[in-house]
Amino acid sequence: MAQKPSIPKGTRDFSPAELSRRNHIVETIKRRFELFGFQPIETPSFENSETLMGKYGEEGDRLIFKILNSGDYLSKVDDAVLGSRNSASLTPKISEKALRYDLTVPFARYVVMHRNDIDFPFKRYQIQPVWRADRPQKGRFREFYQCDADVVGANSPLQEVEFVQLYDAVFTDLGLKGCTIKINNRKILSGIAEMIGAKDLLVDFTVALDKLDKIGEEKVKEELLAKGISKEAIAKAQPLFTMIGTAKEQLDRLKTLLADSQIGILGVAELEEIISNVELLGLGSARLQLDVTLARGLNYYTGAIFEVAAPDGVSMGSIGGGGRYDDLTGIFGLQDVSGVGISFGLDRIYLVMEELGLFPDSLDNSLDILFLNLGKKEGLEALKLVSFLRREGIRADLYPTDAKIQKQFKYADRKGVPLVAVIGEEELAQGRLTLRNMKTGDQRSLPLEDGSLLLERLRSDS
RNA sequence: GUGGUUGUAGCUCAGCUGGUUAGAGCGCUGGAUUGUGGUUCCAGAGGUCGCCGGUUCGAACCCGGUCUUCCACCCCA
């Protein structure tokens, strides 16, 4: 009995057409990463659970895919744990490995493990899938690709400036104009929390504030109240809700607001330096926007934080994010190594580009010329030219079987092949081939023996 | 994880208050056209109605469960 095939929810197959578009994005990103001096690494799909657990907050732990131990994994679990039916205590007993949730934490682990072989500052990039046990939605999958670039061992805020430029360069290359790179600094958020006396409620505070543009001022205040932040404290934070104007104006207001907070002032100064330097150097097609409500959930960030929004009019969550983390390697036993990095959400960038029709047509054709197969002798003759053209870097192919000529033409048409070469009985007798331009319908005759004339035509057409 | 939504041919979708052999368009295959695709015309193939169970004389349609899709939360790329 044949079963109906299916794939798990939140996963996808990629067709040749989709993959050539995805590769176009990946190659653009890769080229820029390398131009900016990053080197590639790869890490395993799965890590030891303890490497991952606890790095993404409580919510993150829930979304990590756990891998069941091999063998008779229940036999060694003692009855008390098994009988308690408590997932939190049972899980570590039956699962020691987990699929990676992002690329930043495995990278931190990599840095610590290989610290003696790495020349610091270390700039690495990594393009690999990650997995999250999330409920899928549009632009939200359970298996998706991240394209990360990080620098570890460099404290200078010039790194942040370069990352803003990197974002801008990639999106400009892709033709994705009008992206907004939102920037904030965790120190500012800490400073504000300190100011209003809610230091230990920093996470709740930032998570609520993050929703400002989505649910509005009143609802945010309600949530803050519900989380145990006093009315007076919220009143003190009032200037945050009406942060408009240029970056400079906003920074000036933050300076007065945070005058008594050492960490807050530090954050403002860092941000000021980054923003003014980005302005000085200029951007291509993206714009940098200070957004004091930007918080980001991943709790390892300590300094600058980034998030990229798609151009106006496209409804899609952030297509990139990142920030500075001072202590990530500290968790694995390597102190005083600051890191900063960004991530591109390949799958979401794909969806946005699809929606805006930004993929070049040239991605759709996979062949420069197709030779029709009209029999054994004819096919062999065609293959000689195919081999010659391939050596010259032309994407050439021979139709695999001597099917009906109509079928072969139809195949060429649908694949979008611009040129079709016909070598049949007639041509063979004359020592020539017929070359048809599929777009215009023009046909011309060329000698079989000398492939260079054909090559010339192909080169001039492309 | 919570609440809702969706599933009928390869694709996009019709299908009445449950009632004989479940339809269309596109696509596919063949022919018109025995060496010429994209247009047209003709013919044909293709469906466990997501899956499991229940109600009923009878279920694509009603009920329960389950999987999937999309949406809102949560969170995030």
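When A:438, A:353 are sorted by how many other C-beta atoms sit within 10 angstrom of their C-beta, beginning with the fewest, the order is A:438, A:353. Each Cα pair under 8 Å and six or more residues apart adds its sequence gap; the mean of these over the residue count of chain A is a relative contact order of 15 percent. Structural size metrics of the range A:165-209, computed from C-alpha coordinates, are Rg and Dmax of 16.1, 46 Å. In straight-distance terms, cross-link reach from residue A:236 covers every one of the lysines whose alpha-carbon lies under 18 Å from its own, apart from those fewer than eight places away in the same chain; here that gives A:187, A:199, A:219, A:221, A:227, A:255.
By the count of other C-beta atoms within 10 Å, a proxy for reagent exposure, A:232, A:160 are ordered fewest to most as A:232, A:160. The angle separating the long axis of helix A:16-35 from the principal Cα axis of greatest extent in chain A is about 60 degrees.
Expressed as an acute angle from 0 to 90° and rounded to the nearest 10, what is the orientation of the C-alpha long axis of helix A:346-356 relative to the principal long axis of chain A? It is inclined by approximately 70 degrees.
The angle between the Cα long axis of helix A:104-113 and the longest principal axis of the Cα atoms of chain A comes to about 80 degrees, rounded to the nearest 10. When the helices of chain A are scored as -39500 (n - 2.57) per DSSP H run of n ≥ 4 and the total is divided over every residue, the value at 222 nm lands at -12500 deg cm²/dmol. As a proxy for reagent exposure, A:107, A:388, A:120 were ordered by neighbouring Cβ count within 10 angstrom, fewest first; the result is A:120, A:388, A:107.
Please give every one of the lysines within straight-line cross-link reach of residue A:384, meaning a C-alpha to C-alpha distance under 29 Å, and leave out same-chain neighbours fewer than 8 residues apart. Within reach: A:376, A:404, A:407, A:410, A:415, A:439. A straight Cα-to-Cα reach below 29 Å connects residue A:177 with the lysines A:30, A:123, A:138, A:211, A:214, A:248, residues fewer than 8 places away in its own chain not being considered.
For the range A:304-462, DSSP calls about 75 percent of its internal beta bridges antiparallel.
None of the figures in this text is laboratory data; all of them are computed from the coordinates on show. Here the structure is a predicted model, which means the values were calculated and not measured. Cβ atoms come from the backbone with ideal geometry, glycine included; neighbour counts cover every protein chain shown.
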